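J.: First, the structure itself, so that you have it in front of you.
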Amino acid sequence: MSRGAPLRLGRREFPASARLVMAIVNRTPDSFYDKGRTWAEDAAFDRVRQVVDQGADLVDIGGIKAAPGAEIDAAEEKSRVVGFVDRVRSAYPDLVISVDTWRSEVARAVCEVGADLINDAWGGADPELPSVAAEFGASLVCTHTGGVTPRTRPHRIEYDDVVADARASLLRQAERAVSMGVARDRVIIDPAHDFGKNTWHSLEVTKRLDELTTLGWPVLVSLSNKDFVGEALDLPVGERLTGTLAATALCAWHGAQVYRVHEVVETRQVLDLVSVVAGDLPPARTVRGLA
Amino acid sequence: MSSSVVVVPSAPLLLPEYTGRQDVGADLRARCVDAIRAATDADGTDRVVLVVATDREQRGTRPPLGQRVGRHLAGLAGVGVDGMVVVAWDAPTAECRALGRHLSARPAATLVVVADGSARRGEKAPGHLDERAAAVDESIVSALRAADADALLALDPAVCADLLAQGRAPLQVAASVMAARGGLTCEALDVSDPYGVLYVVARLTPPITAP
């Protein structure tokens, strides 16, 4: 069975064989990994410049950390991201810009200033989100969270079969988005590691990711430095890069197409290596034994 | 009367199936194609005969690399392959001479000789460094520059085998033809060794005859 699907993001088109790096750009004071390093707008802008130089295919700009914390209302979220998206769009007319938000009100505001992709990390908590993506011709990420409330941690959640649950939820959301007017090749599905999932669940999703990459939709994975990597290896945040890259390689082998990451250079190398082994990309340069 | 002799390398990196995103053989390939085109234009033909060696380390059933490289380059040059002389890479010189005589008995054709010098030209070379490589390679280059068939026929098969000089036998087949034809001069000669293997692109042409 073939894996993935062609994908359109902004004006760009990518084949099913593409493996894309989506660089995380936080406009938050409290995200778990960077702990506010790019909270200041100029710092966030420097981060955009850096990841573009490093070869990121798209950026994912977020104004609210995923974990529980201070309540950030829509007005505050917009003040963090809308002007910033506008600035990035002006500086990088061709860069694919994603915004990490579950709120349709925020999605509308960022689409008005040029966002290409709405990354709904919270599983369609706001049912109007797809209609905004449809209205602006934007792309949309649908995620599996098991239906939890945004910004909550999973606690004692169980599934009969987490992959089956993700598959059903993602197919339902993707078809709903299309029925609401989002172009079929602009819908991405994301099993959302660690969202509504304990480590066992995230490991199961990783192991069986091919059951999602063969559904006919492009798959996004967000693995970077997450707790399931940390718990698999008993390593704290800050020491999870190697584990993240190993998980990245496994998902890449299964055919995931978009990788939401903190470390662009390392991810790019892993993805290119897998693409080369899979035959989706020729090796960069071949002389050994051939001179 | 078509009777030029072109020498090109048999490096597999000239083949599309071995080319990565960066085409490391692009320049060399272009020089080979230019040489074949120039020779066939001068000879007033669009056909060539290939002279190639068997593989030194054959593992399977594919045609020899020299044959595949020669066919690929001829195709890029837009010329057809009328004949193919495959000589054992380690054939004794007498055998090469005999093959050359058979070839000379046929109507004169543009020859494309797929042949490399030593693969032991440096520490990083495929066969590591052999101090004798430089001198033997220089004798190959100077023989081609002088279109000196006798000098090519004097190459020592055992030493060339030690040096992994894949082109010795086909060069000696060609030299036998050159000896029979006579009068060739070296019109163009390009020598390089980016990876420790001697690559020669040479074009030897007959004197221009009055129409």
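Values quoted throughout were computed directly from the atomic coordinates according to the rules given, and no laboratory measurement underlies them. Remember, predicted model here, so these are calculated numbers, not experimental data. Counting neighbours? That spans all protein chains shown, and the Cβs are built from the backbone with ideal geometry, glycine included.
J.: Quick one: longest stretch of chain B between exposed loop GluC sites (Glu not before Pro), exposed meaning at most 11 other C-beta atoms within 10 Å and loop per DSSP?
T.: Answer - B:132-211.
J.: Here is a further query. With unit charges on the beta carbons (Lys and Arg positive, Asp and Glu negative) and the dipole taken about the Cα centre of the protein assembly as shown, which residue among A:ALA75, B:GLN58, A:PHE195 sits farthest to the positive side?
T.: B:GLN58
J.: Which three semi-axes in whole Å describe the equivalent ellipsoid of the range A:178-291, each the square root of 5 times a Cα gyration tensor eigenvalue, listed largest first?
T.: Semi-axis lengths for the range A:178-291 are 25, 22, 12 Å.
J.: Dipole of the range A:61-101, Cα-centred, from +1 at each Lys and Arg C-beta and -1 at each Asp and Glu C-beta, to the nearest 20 debye?
T.: 140 debye
J.: Give the residue list of GluC sites (Glu not before Pro) in the range A:116-160 that are DSSP loop and have at most 16 other beta-carbon atoms within 10 angstrom.
T.: Taking the range A:116-160 and a limit of 16 other Cβ atoms within 10 Å, the loop GluC sites (Glu not before Pro) found are A:GLU128, A:GLU158.
J.: Regarding the range B:91-211, what are the three Cα extents along the principal axes, ordered largest first, in Å?
T.: Extents along the principal axes, in whole Å: 51, 28, 18.
J.: Among B:LEU129, B:LEU163, B:LEU152, which one shows the highest mean-square fluctuation when chain B is modelled as a Gaussian network with alpha-carbon springs under 10 Å?
T.: The residue that fluctuates most here is B:LEU129.
J.: If I build a Gaussian network model for chain B, linking alpha-carbon pairs within less than 10 angstrom, which residue out of B:CYS96, B:CYS186, B:CYS32 has the largest mean-square fluctuation?
T.: Between B:CYS96, B:CYS186, B:CYS32, it is B:CYS186 that shows the largest mean-square fluctuation.
J.: Right, something else. Which residue, A:LEU209, A:ALA121, A:VAL162, has the largest displacement toward the positive end of the dipole of the range A:82-239 when charges sit on each Cβ (Lys, Arg +1; Asp, Glu -1)?
T.: The one lying farthest along the dipole's positive direction is A:ALA121.
J.: How large is log10 of I(q)/I(0) for the protein assembly as shown at q = 0.13 Å⁻¹ when the intensity is taken from the Debye formula with one equal scatterer per alpha-carbon?
T.: -1.00
J.: A further question on this structure: Would you give the gap between the C-alpha center of the range A:80-148 and the C-alpha center of the range B:135-211, rounded to a whole Å?
T.: So the separation of the two Cα centres works out to 67 Å.
J.: Kindly put A:ASP46, A:ASP194 in sequence by how many other C-beta atoms sit within 10 Å of each C-beta, fewest to most.
T.: A:ASP46, A:ASP194
J.: Residue farthest toward the positive end of the dipole of chain A, with Cβ of Lys/Arg at +1 and Asp/Glu at -1: which of A:VAL106, A:HIS254, A:GLY243?
T.: Of the candidates, A:HIS254 comes out farthest on the positive side.
J.: Next up: Considering only DSSP states other than H, G, I, E and B, which GluC sites (Glu not before Pro) in the range A:182-291 qualify as loop sites with at most 16 other Cβ atoms within 10 Å?
T.: A:GLU239
J.: To make sure I understand, if each residue's beta carbon is the centre and we count other beta carbons within 10 Å, what order do A:VAL141, B:VAL49 fall in, fewest to most?
T.: B:VAL49, A:VAL141
J.: At a Cα cut-off below 29 Å, give the lysines reachable from A:LYS78, other chains included and same-chain residues fewer than 8 away excluded.
T.: Partners found: A:LYS35, A:LYS65, A:LYS197, A:LYS226.
J.: About its Cα centre, what dipole magnitude does chain A give when the only charges are +1 on Lys and Arg Cβ and -1 on Asp and Glu Cβ, stated in debye to the nearest 20?
T.: It comes to approximately 560 debye.
J.: Could you work out how much longer the chain between B:ALA94 and B:GLN22 gets when fully extended? Use 0.36 nm per residue separation minus the Cα distance between them, nm to one decimal.
T.: Here the segment from B:ALA94 to B:GLN22 would lengthen by 21.7 nm.
J.: Can you give the Kirkwood hydrodynamic radius for the range B:5-205, in Å, rounded to one decimal and based on Cα pairs?
T.: 16.4 Å
J.: I would also like to ask the following. Using +1 on the beta carbon of Lys and Arg, -1 on that of Asp and Glu, and nothing else charged, what's the dipole of the protein assembly as shown about the Cα centre, debye to 20?
T.: Once rounded to the nearest 20, the dipole reads 940 debye.
J.: Could you list A:LYS197, A:LYS78, A:LYS65, A:LYS207 in order of exposure, starting from the residue whose Cβ has the fewest other Cβ atoms within 10 Å?
T.: The most exposed by this proxy come first: A:LYS207, A:LYS78, A:LYS65, A:LYS197.
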